[in-house]
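Visitor: Got a structure here, written out as structure tokens. Questions coming.
The values are calculated or read from the model by the stated rules, or taken from the named source; none is laboratory data. Model, not experiment: these values are computed from the prediction. Cβ atoms come from the backbone with ideal geometry, glycine included; neighbour counts cover every protein chain shown. We work out accessible area using only protein heavy atoms, side chains counted, and drop any ligands, DNA or RNA first. Shrake-Rupley method; radii C 1.70, N 1.55, O 1.52, S 1.80 Å.
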Amino acid sequence: MKISVIGGGYVGLISALGLAELGHDVTIIEIDKSKVDLINSAKSPIYEQGLQELLEKHIGKNLSASLSYESVGGSDVSLICVGTPPLPDGSADISYILSAAEKIGEACKDNSDFHVVAVKSTVPPGTTKDSVKPVVLKHSGKEPEEIGFAMNPEFLREGRAFEDFLNPDRIVIGSEEPKSAEMIEMMYAGLSAPVLKTSLTAAEMIKYASNALLATKISFANEVGNLCKRFSVDVYDVMKGVGMDHRLSPHFLNAGCGFGGSCFPKDVSALASLAMKMGENPYLLNAVLQVNEHQPEKMIELLEARTGPLSQKKIAVLGLAFKDFTDDIRESRAIPIIKALLAKGALVSAYDPLANEHMKALIPKITYCTDAKSALLNADGCLVVTEWPEFSDLNEEFHVMKDQIIIDGRRILRTEQAEGICW
Ligand code: UDX
């Protein structure tokens, strides 16, 4: 199939490469010229395991990037993958979606073949049906039977995105008519995953509900974890026992300093804000976010209880990315943790295998180190914030600290001196 992917950000780039790998002819349409140039010269604008190799394999063959929407006219499917950033009230800003819909419409004007416009971005329920569809139809001048619409949410985890693309738990396809759903199903031919066909709006809601439930599991594990610590019970044993129930699952019950990233905080806030707009009180969603905001504070409280006042104390922060195998610091728990340390007058030395540069751009006035040992040198305390596997091998490195007060926010350390945030 010929596919135009609108947006060369994280979702667009991974989807485009995954679809190229499935054998399709893919054009990425991106408004940022520097990104277009990077992609066309086979240089990845972001870090993701396996991305560089796939880019080199497909660029100039069945993958290219362009500033123009010209390819849409000859495509079977346009996949909208632009951002839906949060507005100040937490709700999703869909202006990039609407602008993409306008341009797709204009590019489809002279297209005589049936074309499916599919939204992959996370959008509030009702967006595809009530906003994208009328905008595309208006700007293309086409009748509803000439253009199909679909909503096909993505469930990729950063750091493991290609693994997830090629082995999805499920493919969700929302549509109003079978023809569009069939074309999207055909687009994924070659993957063995159950396909759930549903309405446009239900598909949109599935994405929000999935992320909200996963975030709820984490906040639940954290709240129970805080209580477990009071009883000197290991929350990881407790959650192991809980997760063995077939009605639940053992995943996403790891207690720690909370969830970050580009999806969970944004999507839970967006769903809560939607609930308020619709006259429903989002009791549970608000609590999920509150527990998440509280965990970094817990970590600081625990540290202070062990080190005494933090003013002028040197504190090593290990891990800055929101999770392992990414350089992404969006909503990373390291941000509130470092800010709280600085507010208390601590001297912060930080290390992350990939994310130092990104954090430096956000918080320049701390010391960035090229390895864990340098960050730990003469430190009065250490906070482990990201679950990087390399941290589990740290042991003798802690001996260079002034005082071996080590708080693990991710249950990643093996050293006996470490104390867990809630274990
Ligand atoms: C998530 C969803 O998993 C994915 O399906 C969706 O499409 C986008 O959002 P991602 O943000 O890449 O993916 O990261 P994920 O691996 O889900 O982790 C999110 C955050 O939760 C991380 O900060 C991680 O450290 C934290 N986490 C995860 C926990 O604190 N405990 C857990 O048990 C699992």
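Visitor: So is Ala107 assigned to a helix (DSSP H, G or I), among the small types (Gly, Ala, Ser) and more than 30 Å from Pro353 (Cα to Cα) or not? So that I can check it myself, show each step before the final result.
Guide: Working: assigned to a helix (DSSP H, G or I): yes; among the small types (Gly, Ala, Ser): yes; more than 30 Å from Pro353 (Cα to Cα): yes.
The answer is yes for Ala107.
Visitor: Moving on. Could you look through segment 130-164, keep only residues that are within 11 Å of the ligand (Cβ to nearest atom) and not charged (D, E, K, R), and pick out the one that is surrounded by the most Cβ atoms within 10 Å (Cβ to Cβ)?
Guide: Keep residues of segment 130-164 that are within 11 Å of the ligand (Cβ to nearest atom), which gives 153-161, 164.
From what's left, not charged (D, E, K, R): 153, 155-156, 159, 161.
Details: Pro153: 22, Phe155: 17, Leu156: 19, Gly159: 20, Ala161: 24.
So the residue we want is Ala161.
Visitor: Give me a count of the residues in segment 314-339 that are in contact with a His (Cβ under 7 Å, 6 or more places away or on another chain) and away from the ligand (no atom under 12 Å from the Cβ).
Guide: From segment 314-339, those in contact with a His (Cβ under 7 Å, 6 or more places away or on another chain) are 327, 329; that's our starting set.
After this cut, where a residue has to be away from the ligand (no atom under 12 Å from the Cβ) as well, the list is 327.
Count: 1.
Visitor: Name the residue that is least open to solvent (accessible area, probe 1.4 Å), counting only residues in segment 381-409 that are over 11 Å from Leu318 (Cα atoms) and among the charged types (D, E, K, R).
Guide: Glu397
Visitor: Tally up the residues in segment 204-240 that are of a type in the set (Ser, Thr, Tyr) and under 17 Å from Ala272 (Cβ atoms), please.
Guide: Kept after step one, since they are of a type in the set (Ser, Thr, Tyr), are these residues of segment 204-240: 208, 210, 216, 219, 232, 236.
Filter once more, keeping what is under 17 Å from Ala272 (Cβ atoms): 208, 210, 216, 219.
Of the residues in segment 204-240, 4 are of a type in the set (Ser, Thr, Tyr) and under 17 Å from Ala272 (Cβ atoms).
For every residue, the table says whether it meets (1) more than 15 Å from Thr27 (Cα to Cα); (2) in contact with a Cys (Cβ under 7 Å, 6 or more places away or on another chain); (3) not basic (Lys, Arg).
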{"residue": "Ala101", "(1), (2), (3)": "yes, no, yes"}
{"residue": "Ala107", "(1), (2), (3)": "no, no, yes"}
{"residue": "Lys120", "(1), (2), (3)": "yes, yes, no"}
{"residue": "Pro124", "(1), (2), (3)": "yes, no, yes"}
{"residue": "Thr127", "(1), (2), (3)": "yes, no, yes"}
{"residue": "Val132", "(1), (2), (3)": "yes, no, yes"}
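Visitor: Take the conditions farther than 25 Å from His115 by Cβ and either in contact with a Pro (Cβ under 9 Å, 6 or more places away or on another chain) or open to solvent by 20 Å² or more (accessible area, probe 1.4 Å) (or both) and apply them to Thr198. Does it pass?
Guide: Working: farther than 25 Å from His115 by Cβ: no; either in contact with a Pro (Cβ under 9 Å, 6 or more places away or on another chain) or open to solvent by 20 Å² or more (accessible area, probe 1.4 Å) (or both): yes.
No.
Visitor: I want to confirm something. Restricting to segment 6-26 and keeping residues that are crowded, with 24+ Cβ neighbours inside 10 Å and in a strand (DSSP E or B), which single residue is farthest from the chain's Cα centre (by Cα)?
Guide: Here the answer is Val26.
Visitor: Could I ask something else about it? So, in segment 128-167, of the ones that are touching a helix residue (DSSP H, G or I) at 6+ places or on another chain (Cβ under 7 Å) and small (Gly, Ala, Ser), which residue ends up farthest from Ser75 (Cα to Cα)?
Guide: Ala161
Visitor: So, in segment 348-372, exactly how many residues are more than 13 Å from the ligand (Cβ to nearest atom), among the hydrophobic types (A, V, I, L, M, F, W, C) and crowded, with 20+ Cβ neighbours inside 10 Å?
Guide: Summing the residues that are more than 13 Å from the ligand (Cβ to nearest atom), among the hydrophobic types (A, V, I, L, M, F, W, C) and crowded, with 20+ Cβ neighbours inside 10 Å in segment 348-372 gives 4.
Visitor: Residues in segment 329-347: is at least one surrounded by fewer than 20 Cβ atoms within 10 Å (Cβ to Cβ), on the phi < 0 side of the Ramachandran plot and within 17 Å of the chain's Cα centre (by Cα)?
Guide: Looking for residues that are surrounded by fewer than 20 Cβ atoms within 10 Å (Cβ to Cβ), on the phi < 0 side of the Ramachandran plot and within 17 Å of the chain's Cα centre (by Cα), one finds at least one in segment 329-347, hence yes.
For every residue, the table says whether it meets (1) touching a residue at least 24 places away in the same chain (Cβ under 8 Å); (2) of a type in the set (A, V, I, L, M, F, W, C); (3) open to solvent by less than 20 Å² (accessible area, probe 1.4 Å); (4) more than 9 Å from the ligand (Cβ to nearest atom).
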residue: Glu176; (1), (2), (3), (4): yes, no, no, yes
residue: Glu182; (1), (2), (3), (4): no, no, no, yes
residue: Met187; (1), (2), (3), (4): yes, yes, yes, yes
residue: Asn222; (1), (2), (3), (4): yes, no, yes, no
residue: His246; (1), (2), (3), (4): no, no, no, yes
residue: Gly256; (1), (2), (3), (4): yes, no, yes, no
residue: Cys263; (1), (2), (3), (4): yes, yes, no, no
residue: Ala272; (1), (2), (3), (4): yes, yes, yes, yes
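Visitor: Consider Glu158 carefully, then state whether it is modelled with pLDDT under 95, over 30 Å from Ala275 (Cβ atoms) and either out of contact with any Pro (no Cβ under 7 Å at 6 or more places or on another chain) or of a type outside the set (Gly, Ala, Ser) (or both).
Guide: On the way: modelled with pLDDT under 95: yes; over 30 Å from Ala275 (Cβ atoms): no; either out of contact with any Pro (no Cβ under 7 Å at 6 or more places or on another chain) or of a type outside the set (Gly, Ala, Ser) (or both): yes.
Judged against the criteria, Glu158 is not a match.
Visitor: Restricting the search to segment 395-410, which residues are touching a residue at least 40 places away in the same chain (Cβ under 8 Å) and in contact with a helix residue (DSSP H, G or I) (Cβ under 6 Å, 6 or more places away or on another chain)?
Guide: Met401, Ile405, Ile407, Gly409
Visitor: Same structure again: Tell me, yes or no, whether segment 68-78 has at least one residue that is open to solvent by 40 Å² or more (accessible area, probe 1.4 Å), touching a residue at least 60 places away in the same chain (Cβ under 8 Å) and either among the charged types (D, E, K, R) or assigned by TED's automatic domain parsing to the domain that holds Asp32 (or both). Please lay out each step first, then the result.
Guide: In the first step, residues of segment 68-78 are kept if they are open to solvent by 40 Å² or more (accessible area, probe 1.4 Å); the result is 68, 70, 74, 76.
Going one step further and asking which of them are touching a residue at least 60 places away in the same chain (Cβ under 8 Å), we end up with 74, 76.
So of that shortlist, the ones also either among the charged types (D, E, K, R) or assigned by TED's automatic domain parsing to the domain that holds Asp32 (or both) come out as 74, 76.
Within segment 68-78, one or more residues are open to solvent by 40 Å² or more (accessible area, probe 1.4 Å), touching a residue at least 60 places away in the same chain (Cβ under 8 Å) and either among the charged types (D, E, K, R) or assigned by TED's automatic domain parsing to the domain that holds Asp32 (or both).
Visitor: If you don't mind, there's one more thing I want to ask. So which residues in segment 39-64 are part of a helix (DSSP H, G or I) and under 18 Å from the mean Cα position of the chain (by Cα), if there are any at all?
Guide: Leu51
Visitor: Among the listed residues Phe162, Phe149, identify the single one that is in contact (Cβ under 8 Å) with a residue 40 or more places away in the chain and within 30 Å of Phe322 (Cα to Cα).
Guide: Working: Phe149 fails: within 30 Å of Phe322 (Cα to Cα).
Criteria check complete, one pass: Phe162.
Visitor: Run Gly241 past the list (1) touching a residue at least 60 places away in the same chain (Cβ under 8 Å); (2) open to solvent by 10 Å² or more (accessible area, probe 1.4 Å) and report the number of the one that doesn't hold.
Guide: (1)
Visitor: One residue is enough: does segment 237-253 have a residue meeting the conditions polar (S, T, N, Q) and assigned by TED's automatic domain parsing to the domain that holds Leu362? Break it down stepwise before answering.
Guide: Going through segment 237-253, the residues polar (S, T, N, Q) turn out to be 249.
In the following step, the residues that additionally are assigned by TED's automatic domain parsing to the domain that holds Leu362 were identified as none.
No: segment 237-253 contains no residue that is polar (S, T, N, Q) and assigned by TED's automatic domain parsing to the domain that holds Leu362.
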